[in-house]
Structures are given as C-alpha cells and as structure tokens.
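A.B. asks: Mind looking over this structure? Questions follow.
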Number of protein chains: 2
Amino acid sequence: VSRDTIEALGDIVGHDGLIVDPALMQPYLSDWRDRFHGRALAVVRPRSTAEVARVVEHCVAAGIAMVPQGGNTGLAAGATPVGLERAVVINTSRMRAVRNIDAAAGTIAVESGCVLSDVQAAARQAGRYFPLSLAAEGSAQIGGLISTNAGGTAVLRYGSMRALVLGLEVVLPDGSVLNGMRTLRKDNAGFDWKQWFIGAEGTLGIVTAAVLRLFPAQHTIRTALFSLPTIEDAMRAFAAVESALGELLVAAEIIPDIAVEMRARFHPSEAFPAPRDGWYLLAEATSALSGLEDQIDAVLLDIVEAGIAKGCTVANNPAQREAIWAWRETITESERRFGTSAKHDVSVPVSAVVPFVEEAGAAVAAAFPSTTVVAFGHAGDGNIHFNVVIPQQESIAAEDVNVLVHRIVAAYGGSITAEHGIGRYRRDELPAHRSEAEMSAMRALKQALDPRGLMNPGAVL
Amino acid sequence: VSRDTIEALGDIVGHDGLIVDPALMQPYLSDWRDRFHGRALAVVRPRSTAEVARVVEHCVAAGIAMVPQGGNTGLAAGATPVGLERAVVINTSRMRAVRNIDAAAGTIAVESGCVLSDVQAAARQAGRYFPLSLAAEGSAQIGGLISTNAGGTAVLRYGSMRALVLGLEVVLPDGSVLNGMRTLRKDNAGFDWKQWFIGAEGTLGIVTAAVLRLFPAQHTIRTALFSLPTIEDAMRAFAAVESALGELLVAAEIIPDIAVEMRARFHPSEAFPAPRDGWYLLAEATSALSGLEDQIDAVLLDIVEAGIAKGCTVANNPAQREAIWAWRETITESERRFGTSAKHDVSVPVSAVVPFVEEAGAAVAAAFPSTTVVAFGHAGDGNIHFNVVIPQQESIAAEDVNVLVHRIVAAYGGSITAEHGIGRYRRDELPAHRSEAEMSAMRALKQALDPRGLMNPGAVL
C-alpha cells in the first residue's frame, strides 16, 4: 500500500485524525487487557458520518480492510486488528455529539463515539434515565456497545442494548449510508434492518449514530444482599424475589463466598456487609414510583422468614448501596492476585444455573485440581461468569479449561458468549455451537452486505 | 402445474391436510375483513416442521410460490395470495403443540400454529404471564404474530413481539431448517439471525416454532379512565402518569369523544364510565407486587388535583375494568355504522402525537369536509389509529385520504405502519418512506435468502 494511499485518508479526516506512527498507534492495536495484539497501516479517526463514508470508499478502492473501533473496551478482540495484513483501524472517538434529546418522547440521538457514562448523564440532566450499566461505562462507546449488543447489570428489567436501540445509522461496507435515525417506539414498515447490525461486531458495517430509549427516573431504590448456604438456596431466593417483585427487579447477581474470601484477604479492614455464608444474592429493585421501600422490604424479609436465606442486608443510603455493589464489581480484580483466570462468559436457561454450576465446577475440580472456580454474575438472566483461577506456577492452558466448560454449557443448551461477543477470540469455537444451516445463513448476510470481505475480517465468521 | 405435482403435497401432509376444492379454499384466500382476495393452486396444512420443509422443497422444485399463513387475522394482506399465478398457501393451523414450558426459566416453546389466547392460558396455568394482547388474540397464531412483529395494548411496558421472542425455528426458502429454539435470555454467539425473520412477514422463510418469554403474574391491576378537554391535556396526563408510575404503566390509550358518541348512539343503555369531555385517557398500571393500589391511585388523583383532568374513574373490580376497556375496543366496530373507514395505523414520536393529530385532522377536514376523523389508540407509544370515516353516500377514495395523512406522518418522522405491517396492502407505498439505500439493503437480504423469489412474493418488497 503506497504512502499516498494512506496520506489520502488524512485529507478526509484531517491530518490530526490520522495516526501512522507505530508508537502512537499502539493503544489502538491491542485490547485494554493487553491480551490481543494486532497491526495496522494506520488508525483513522473521522469526525462525522460523511467522513466515515469517504474513508470506507477510499479503503474499498484500495482493497484495505477496515476494523471499526470505539472505546476499545471489548473482551473478545472484535476491535483489535489481529492477524490482518492490510488493514486500518477506524476509531469513532471523535464522533461524540449528542444530536438531539427529546425528554417527552423518551429518546436521545447520539453519535457512536459517545461514552456510555456521558449518555447516562445527559439522560439524567433531562430528567430521564438510561439504564445500560457495566464496568467499562466510563470509556465504552455507544457504537461498540451496539455492535456487541452489550449487557451489564440491568438486563433483567431493561434487556440488552438491542432493546434500547430505536434508530440506527450505519455506513455499509461499500461506503453507502443507511440512515434509520427514527425516534419511533413502533415501526413495522419493511424489514427492521437495524437489527442486523446490533451484535454483528462491526462485520457488516460501521455504526455511526443511534437513537436510544430513555426511561422515567427511578425514585425507589432498594439494594439487598442475602446470605445463603448453597447456590440452590440463592436461586430459590431469586425465584421468590422475582415472582414477588416482578418488573421492579432490575438486578439479581450471585456471588460465591470464595470471591468474598479472595477480596477479604487483601482488604482485611473492609467489613463484608452481610453475614458470611456459602453464597450471596445481590438483588436490586427500583421503581419510578416513590415510597415503595416498605413493600419491597417486606418481600425481602419474607425470604429470610421463609428460611431460604440466613440473613439479608438492605442498603439504606447510596454509600451502603455502593459498598454492597463493590463486592460484586471487584471480583475479577481480586482473582488476579491468585493467578490467571480462564474466563467464561456463558449463559444457560435460568432453571439450569444450579446444575450447570455444580456440574461444571465438579468437572473442573476433577480435571484441574489445582484451580479454583469462581462462578458469579447475572444469575437472574442465566448469565454466569464462570472463572477458573489457575495458580501462577501451574501450566494449565486456558483453552483446555474452555473446552471442558463450554462442552457442559452446550449440554445445557447454553451460550459460550452471553454478553461479550465472539470477536476474534471465540471465532473458531462458534461453528461447534451453531448448526451448519445457521453458519450458512450468517455467511449469506455477510456475503450480501460485504462481498469483498473488507469489513472487520476475521471477526465472528 | 400438473395435478400430480399438487397431489404429491398431499403425500407429504396427509390428504386431509391438502385442500384443492375452490369452495373449501375460500376462507384461506381472502382476509378476515374480506377486503383482499387471491387465488391458489392449493392450501397445504402441514403437521410438523419436517412436513413444512418437505412442502417447501417440493414447491421449489416445481417453481411454485408459497404464501405462509397463520390465523389469517392480518390487516395488510401479507398472508393472502393476491395477484399470484402459481402459488400455494401454507397454513400452520395444524401445528399447535406447546413443546415445552419452563416456569422457572420463564419460557414457553410453542409451534407457530398456537393461538395467542392458548399461549396466554398456558402461561397462566404455569403461574406465569404472557403479555401480548390484541383484539384478534382468540384466533391470531404465534407464527403470524412473530412474522408481523405484533403490537397490541401492552407494548408500553413489554414491547412488541420482537421483545418477547427468545428462540426461533424457521424453514428457509430452500427447505432447510434453521433451529434456534434456545431458551436463553442472553446470547451473543454470532449474528442473531432470528431478528431477520421477526417482522419479515413470511418473505424470508416460514416460522415454524418459537420460544417466548414469560413474566411473573401480576397482582396489582389498576385501570383508570381520565376525562380531559383536549388531546393536549390527555398527553399531559399521560406524561405525568408515565413519569410517576414508570415501569408499572402497561397501557395508555387515548379516545376522542366522537368515538364515545358513535357508540353511545347505538348503545343508549350503556353508561359511559366517566364524565363526558373532549378526550379520554385510558391508563392501566399493574405490578407483580401486590397491594400497590393506594399508591397508584394517589398518582391518578394527583392528575385530577393538578387540574389536568376533569375527572378520573378507576375500576374496582374486573367487571368495571372490562367496561372501561370495552369503550376502547369497540371503536372500529362503532365506526362501521357511520360509513367506511380510511384507516391509518401510524406512529409518530410520542412528543409529536398532539401536533400530528391536530394537523392531520385539520388537513382531512379541509380536503374531505364530509368525513369524520376518529383518532385513537396507543398514544403512550406514539401509535395512533387515525381513522377517517367516509359517509356511505360519498365517493371519496380511501387511497386519496391515505396519501394526505401519510404525507403528514412522514413530515413528523413517523411510520405508515406502526404495528400492522406492509404486506401487499402498503407495499407500493413503502419506497416513498424508506431511502433507496434502505430498500436496497432489504432487497439484498431477500435475494440472499430467497434468490428464486418464491417465498411470499409480492409482500413487503
């Protein structure tokens, strides 16, 4: 690829938007966990949809592959140009305008480079609420969150990102622009093409903007931490809370005591906010209606009085709430002190969470006796982060643990990636978990929209 | 097409499943409102997914077009073989098994011929709740409801059918079967191909089964009818109720007094359950949590005390609730006594409901002074059924009214079909409301999955 060809990209995006210096490119060529590394001819940072379209046209004409990238917080190397010879990274960080906010309609139109926490703040400022929330919200961008159909802690009530997208703007692999920035709650006029791109991990086009749903602000917030002897009790408590609180329930996370133990070892001064037991269930219920605290607490107390949970701590202020959530959010961080983790972002039917965790736990213990299983997460929607901590001195390959765990996931009709996506990391595993007919249907859409295969090649398919 | 070719379909589905007698075929060749009429070589009624696949293979080999049909309650002729020369209707009525119900996971797996009210009943029997609800629920089938991404009265909280589908099984236009009958709440493994078929109106394949989401049973139910001077007041009342009740709000329907007047004329003995005024807002809030009646009523009362509504009637028992809903559900029926209706199933951003109804109402009154506008429906999600009643003696063409109303819809960034779909009825209008890039993307998927164009030709595209 000639130098002129690359320099021409600077003519499109401005020369401050073109990075070719290898040192300056580095942050864009590896993922934030520093597990995947790629290379690129350049990093291109367009400022507008029109610039994205021109960049794509230019790359197509030159036969250069394109890797769309947002906040680069993904966990599956979907935005890292691993193993590509002639590729550029198209990073959307400079496209961060809030195009419009309509509080009455409950919609916000944003460019794909908007950071999630900024969208949350804009919604709050307009007296509304944007519910998507996840650990990387301070840097994850809307385009990437849409392209990976991000999940997080509020999926139980609000669904994944797909459920929050009303309108979409996409630059196709040929540089044409699909403008579907509609702000409608209901629209059945023709195929709903925006669905194709949500969760497609940038392989079908580049998301440049979206219209998102906003919700009423929440006035009642109750966060509870139950202590329970077994995971079975934790899921019984979840079932009881779910059927009694229904739509009020926003989050239901399980935590094994080993995760508490790991954190407590290095933070001895921090008191765990509930009686210690084998498992914990973090349940959060909220409502736009104010004053429901007593009625929610009565339901929580019932779980204890019915003998399902040994105890339950309810947060009475934001600081207590944060203290409870901290024990959930720092699990991955705590694990790191005990070794490297073979991670599994898996889901099973909610009714199979208990047998899955027990069977996979036993299988891992038998095959890799030196490891420690830390299975936690969004149990309310069946999404378990099944992490296997491998002590530093052991030479167990994470891939071998993956194979074992994913086989059991498949046996329960589960998914090997509930919310992180396939990217390049799980690509070779996908065909084992989808029928040939399904793979062929996916390839048919890819071929129809990207016949030259230049849009994020090597990801997903 | 030879007689043998048709008879061979009977070998696949059983000869009681093949209808060739023109008189017996009639109910399948016209829509239930008797507005569209088509013709077919046969009506085929398979009993299983395997039979659907064999029927499709057979039709493809013979070059026969296929029109998938469920309960035949559609309003856009998507399931009526209008204008087709060599076609069969593939009706799924005999595929009505509930394959599985998992109350703990909140999932039900059903065949596409299951009638909606049967799914609701099965959920109820399992202690769960399936929220999709619409006028035709006693005959509409799941396959058709998925293929049209049906809406109804509970979209405000639960979304349209798309939000309720977890898994899907589809027979593709080449007879191969895509089996995605997964029961997962979160799954990001590869493209989510089931989204392509939801709302595609049977043009990309035949939905043969689905896994649907079930919800906790609702224990608090409050149904209110507000009386208000203007539509602006009605939408102000909606905004106040929505921000105070948030996720509890299931339905918010507006009704103009003219609709009450029309019904009252022919049902003089039935008392309207609220003080008469210019407009009415029917709001329904429910919760899995029991005992929220007083808190909800306090919010409703606030609307009256704030002077937004003149009065508010709240149902205190199921009979009163039904009496309120009856005034909403019989509007179309009442209209018929006053003429024929030029109907518009349109949506606009929620914040544009008032200006849209006012502008379109004024435009219709100016252009067609003898008509009466009855604009009602799901105002909470921006979906207005904007019906224009044309007196019997007038020779106004519904199409002329459509053109006028849809032009105003487009100016407000709205949709010409919020929940009924395009079918064959609105097909020629679609290109005026979608960009050429969008039409071309839709055609690309159609071409990729149905290159011979035999699957429901003439619908949507």
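A.B. asks: Output the residue which, of all residues in the range B:153-176 that are touching a His at 6+ places or on another chain (Cβ under 9 Å) and facing chain A (nearest Cβ under 10 Å), is least open to solvent (accessible area, probe 1.4 Å).
C.D. replies: My answer is B:VAL155.
A.B. asks: What's the total number of residues in the range B:127-145 that are crowded, with 18+ Cβ neighbours inside 10 Å and over 26 Å from B:GLU333 (Cα atoms)?
C.D. replies: 4
A.B. asks: Among the residues of the range A:343-354, which ones are within 12 Å of another protein chain (Cβ to nearest Cβ), in contact (Cβ under 8 Å) with a residue 24 or more places away in the chain and out of contact with any helix residue (DSSP H, G or I) (no Cβ under 6 Å at 6 or more places or on another chain)?
C.D. replies: Correct list: A:ASP345, A:SER347, A:PRO349, A:VAL350, A:ALA352.
A.B. asks: Condition test on A:SER269, is it open to solvent by 10 Å² or more (accessible area, probe 1.4 Å), out of contact with any strand residue (DSSP E or B) (no Cβ under 7 Å at 6 or more places or on another chain) and either farther than 30 Å from B:GLU201 by Cβ or in a helix (DSSP H, G or I) (or both)?
C.D. replies: Yes.
A.B. asks: Follow-up. Among the numbered criteria (1) farther than 16 Å from B:ALA459 by Cβ; (2) surrounded by fewer than 24 Cβ atoms within 10 Å (Cβ to Cβ), which one does B:THR73 miss?
C.D. replies: B:THR73 satisfies all of (1) farther than 16 Å from B:ALA459 by Cβ; (2) surrounded by fewer than 24 Cβ atoms within 10 Å (Cβ to Cβ) except (1).
A.B. asks: List the helices (runs of 4 or more DSSP H) inside the range B:3-112, counting only whole elements, that have at least 1 residues being basic (Lys, Arg) and more than 30 Å from B:ALA126 (Cα to Cα).
C.D. replies: Ranges flagged: B:3-13, B:49-62.
A.B. asks: Looking only at residues that are open to solvent by less than 40 Å² (accessible area, probe 1.4 Å) and not β-branched (Val, Ile, Thr) in the range A:298-310, which one is farthest from A:ARG236 (Cα to Cα)?
C.D. replies: Only one residue fits best here, namely A:LEU300.
A.B. asks: Moving on to the next point. I'm checking my understanding of the structure. Among residues of the range A:177-234 that are outside any loop (DSSP other than H, G, I, E, B) and hydroxyl-bearing (Ser, Thr, Tyr), which one is nearest to the other protein chains (Cβ to nearest Cβ)?
C.D. replies: In this case the residue turns out to be A:THR220.
A.B. asks: Let me ask something else. Look at the range B:46-70 and say how many of its residues are under 26 Å from the mean Cα position of the chain (by Cα), hydrophobic (A, V, I, L, M, F, W, C) and open to solvent by 30 Å² or more (accessible area, probe 1.4 Å).
C.D. replies: Selection size over the range B:46-70: 0.
A.B. asks: A further question follows. Can you name the residue in the range B:84-116 that is among the polar types (S, T, N, Q) and over 13 Å from B:ALA140 (Cβ atoms) and is also most open to solvent (accessible area, probe 1.4 Å) among such residues?
C.D. replies: My answer is B:ASN100.
A.B. asks: Still on this structure, I have one more. Give the residue, chosen from A:VAL314, A:VAL260, A:VAL250, A:VAL304, that is β-branched (Val, Ile, Thr) and more than 27 Å from B:ASP294 (Cα to Cα).
C.D. replies: Within the list A:VAL314, A:VAL260, A:VAL250, A:VAL304, the selection yields A:VAL260.
A.B. asks: Something else: Among the residues of the range B:235-249, which ones are of a type in the set (A, V, I, L, M, F, W, C) and more than 9 Å from every other protein chain (Cβ to nearest Cβ)?
C.D. replies: Looking only at the range B:235-249, we keep the residues that are of a type in the set (A, V, I, L, M, F, W, C), and these are B:235, B:237-241, B:244-245, B:248-249.
Selection gives B:ALA237, B:PHE238, B:ALA240, B:VAL241.
A.B. asks: Quick check on my filter: what residues within the range B:127-152 are more than 13 Å from chain A (Cβ to nearest Cβ) and in a loop (DSSP other than H, G, I, E, B)?
C.D. replies: B:PHE130, B:LEU132, B:SER133, B:ALA135, B:ALA136, B:GLU137, B:GLY138, B:SER139, B:ALA140
A.B. asks: Sticking with this structure for a sec: Can you tell me which condition A:THR313 does not meet? The list is (1) open to solvent by less than 20 Å² (accessible area, probe 1.4 Å); (2) part of a strand (DSSP E or B); (3) in contact with a Pro (Cβ under 8 Å, 6 or more places away or on another chain), and all the others hold.
C.D. replies: (1) is the only condition that A:THR313 fails.
A.B. asks: Are any residues in the range B:435-461 closer than 21 Å to A:LEU172 by Cα and either in contact with a Phe, Trp or Tyr (Cβ under 9 Å, 6 or more places away or on another chain) or modelled with pLDDT under 95 (or both), and if so, which ones?
C.D. replies: B:GLU438, B:ALA441, B:MET442, B:LEU445, B:LYS446, B:LEU449, B:LEU461
A.B. asks: Taking B:SER395 as meeting all but one of (1) modelled with pLDDT of 95 or more; (2) over 19 Å from the mean Cα position of the chain (by Cα); (3) polar (S, T, N, Q), write down the number of the exception.
C.D. replies: With (1) modelled with pLDDT of 95 or more; (2) over 19 Å from the mean Cα position of the chain (by Cα); (3) polar (S, T, N, Q) applied to B:SER395, the lone miss is (1).
A.B. asks: Mind listing whichever residues of the range A:249-258 are touching a residue at least 60 places away in the same chain (Cβ under 8 Å) and part of a helix (DSSP H, G or I)?
C.D. replies: Passing the criteria: only A:ILE258.
A.B. asks: Taking the range A:451-461 as the search range and keeping residues that are open to solvent by 10 Å² or more (accessible area, probe 1.4 Å) and on the phi < 0 side of the Ramachandran plot, which one is nearest to the other protein chains (Cβ to nearest Cβ)?
C.D. replies: Ranking the qualifying residues of the range A:451-461, first place goes to A:LEU461.
A.B. asks: Does A:ARG124 satisfy the criteria of being assigned to a helix (DSSP H, G or I), open to solvent by 10 Å² or more (accessible area, probe 1.4 Å) and either within 10 Å of chain B (Cβ to nearest Cβ) or among the β-branched types (Val, Ile, Thr) (or both)?
C.D. replies: no
A.B. asks: Go through the range B:395-446 and count every residue that is more than 12 Å from every other protein chain (Cβ to nearest Cβ), open to solvent by less than 40 Å² (accessible area, probe 1.4 Å) and polar (S, T, N, Q).
C.D. replies: Residues in the range B:395-446 being more than 12 Å from every other protein chain (Cβ to nearest Cβ), open to solvent by less than 40 Å² (accessible area, probe 1.4 Å) and polar (S, T, N, Q): 1 in total.
The values are calculated or read from the model by the stated rules, or taken from the named source; none is laboratory data. Everything numeric here is computed off the predicted structure, so don't read it as measured data. Cβ sites come from the backbone with ideal geometry, for glycine too, and all protein chains shown count toward neighbours. Accessible surface areas use protein heavy atoms only, side chains included; no ligands, DNA or RNA. Shrake-Rupley method; radii C 1.70, N 1.55, O 1.52, S 1.80 Å.
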